[in-house]
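Peer 1: Below is a structure I'd like to ask you about.
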Amino acid sequence: MFHIKPRTIVLKAIPKLQKSISTTQTCQSNHKLSSFLEAAKMPEKKLRKLVFPFEDLERHLSSKVNTSNFQLFQPRYEDIKMAEMFFTPSKKQKIDYFTSAVRMDHAPLITQSEVCFIGRSNVGKSTLIKALFSLVPETEVRVSKTPGHTKKMNFFTVGKAFTLVDMPGYGYKAPKDFVDMVETYLETRHNLKRTFLLVDGSVGLQHADRIAIDMCEEFGLPYVLVITKIDKAKQGELLRHILEIQEVMQNHTVGCFPQPFLVSSLHYSGVYLLRCFIAHVTGNLKLGPC
């Protein structure tokens, strides 16, 4: 049960999730598309589809659909190359797992900019973080086939640029102390620049996700919706889910960035764009306002 203060809102466990054998993995080798520099060698049409996945979907929408908010953050390829530098280790920049915490008094005292990733159990949160850090294959990002594997706040430092926090999933198999852990973090972490709230594109916005949105709104947090697993849904189904999410963003939120980010961690669709956005909102890459 997950109660959001000061309202009395309850997030129940999500039923009927497929049971599977737990296997934990760590990054061990670079994917061929880990680097934008490698991806840039492919034909322009394929590259655009990889970098800006919504563009390929947009042509299947009615001309009456307003798609302007899907294209607010449109960095140049040169900006994306620069952003990749922050996700690439060097002698001056170490990128690695730093520590874990189950309570805020165990959390590290870090002054540099921070972003956190939160979402329903089995939304693909740790898998996305693994894709973001795929240029650092030795970084330990634990990924499990069993929902609810992440039980602690896991901190990853990206040199002196920023810290990324992998939060426990809500809903199915959420930690019993989820409320005290996560809500306290969101309310008190002064260096938190942006919260990334992940929604499963293959199933769409769930009741649990709406409660998480209410929580971000309640705390006055600047946050972003990231639609994951866009490769898992049929095209028509995915478009319907995206438009439903967009309607909620436009009519029922204040602190949410108007553009949802579409990603496939498996095919790296949208990953370069998300890296660029993170580098920007943490103050490391100067672009237009976001």
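The values are calculated or read from the model by the stated rules, or taken from the named source; none is laboratory data. What you see is a predicted model, and the numbers here were worked out from it, not measured in a lab. Cβ placement follows ideal geometry from the backbone for every residue including glycine, while neighbour counts extend to all protein chains displayed. What goes into the accessible areas is simple: the full protein's heavy atoms, side chains included, and nothing from ligands, DNA or RNA. Shrake-Rupley method; radii C 1.70, N 1.55, O 1.52, S 1.80 Å.
Peer 1: Among the residues of segment 35-56, write down those that are touching a residue at least 24 places away in the same chain (Cβ under 8 Å) and open to solvent by less than 30 Å² (accessible area, probe 1.4 Å).
Peer 2: Selection gives S35, F36, A39, L50, V51, F52, P53, F54.
Peer 1: Looking at segment 117-134, which of its residues are in contact with a strand residue (DSSP E or B) (Cβ under 6 Å, 6 or more places away or on another chain) and within 13 Å of V158 (Cα to Cα)?
Peer 2: I129
Peer 1: Same structure again: If I ask for residues that are of a type outside the set (A, V, I, L, M) and touching a Leu at 6+ places or on another chain (Cβ under 6 Å), which ones from segment 188-231 would you list?
Peer 2: Scanning segment 188-231 gives T195, G201, F219, Y223, T228, D231.
Peer 1: Now for a different question. Which count do you get for residues in segment 159-200 that are at pLDDT 95 or above and of a type in the set (A, V, I, L, M, F, W, C)?
Peer 2: Total satisfying the criteria: 9.
Peer 1: Which condition number in (1) closer than 15 Å to V115 by Cβ; (2) open to solvent by 10 Å² or more (accessible area, probe 1.4 Å); (3) among the aromatic types (F, W, Y) is the one that F219 fails?
Peer 2: (1)
Peer 1: Does segment 104-122 hold any residues that are without any contact (Cβ under 8 Å) to a residue 40 or more places away in the chain and of a type in the set (D, E), and which are they?
Peer 2: If the condition is that a residue be without any contact (Cβ under 8 Å) to a residue 40 or more places away in the chain and of a type in the set (D, E), then D105 is the only one that fits.
Peer 1: In addition: What residue, among those in segment 134-143 that are at pLDDT below 70 and open to solvent by 30 Å² or more (accessible area, probe 1.4 Å), is nearest to S264 (Cα to Cα)?
Peer 2: R142
Peer 1: Whether any residue in segment 188-197 is closer than 14 Å to F117 by Cα and in a helix (DSSP H, G or I) is what I want to check.
Peer 2: no
This table checks each residue for (1) in a loop (DSSP other than H, G, I, E, B); (2) within 28 Å of K32 (Cβ to Cβ); (3) open to solvent by less than 40 Å² (accessible area, probe 1.4 Å).
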site	(1), (2), (3)
Q250	no, no, no
V254	yes, no, no
L266	yes, yes, no
C276	no, yes, yes
K286	yes, no, no
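Peer 1: Across segment 57-73, what is the number of residues that are surrounded by 15 or more Cβ atoms within 10 Å (Cβ to Cβ) and under 21 Å from the mean Cα position of the chain (by Cα)?
Peer 2: Residues flagged as surrounded by 15 or more Cβ atoms within 10 Å (Cβ to Cβ) and under 21 Å from the mean Cα position of the chain (by Cα) within segment 57-73 amount to 3.
Peer 1: Here is a further query. Of all residues in segment 180-204, which are over 20 Å from F155 (Cβ atoms) and surrounded by 20 or more Cβ atoms within 10 Å (Cβ to Cβ)?
Peer 2: Correct list: V199, D200, G201.
Peer 1: Of the conditions (1) open to solvent by less than 30 Å² (accessible area, probe 1.4 Å); (2) at pLDDT below 95, V271 satisfies every one except a single condition; which number is it?
Peer 2: Single failed check for V271: (2).
Peer 1: Among the residues in segment 110-133, are any surrounded by fewer than 16 Cβ atoms within 10 Å (Cβ to Cβ) and over 24 Å from N191 (Cα atoms)?
Peer 2: Taking every residue of segment 110-133 in turn, none turns out to be surrounded by fewer than 16 Cβ atoms within 10 Å (Cβ to Cβ) and over 24 Å from N191 (Cα atoms).
Peer 1: Filter segment 229-241 down to the residues that are out of contact with any Asp or Glu (no Cβ under 6 Å at 6 or more places or on another chain) and within 20 Å of Y272 (Cα to Cα), then identify the one that is least open to solvent (accessible area, probe 1.4 Å).
Peer 2: I230
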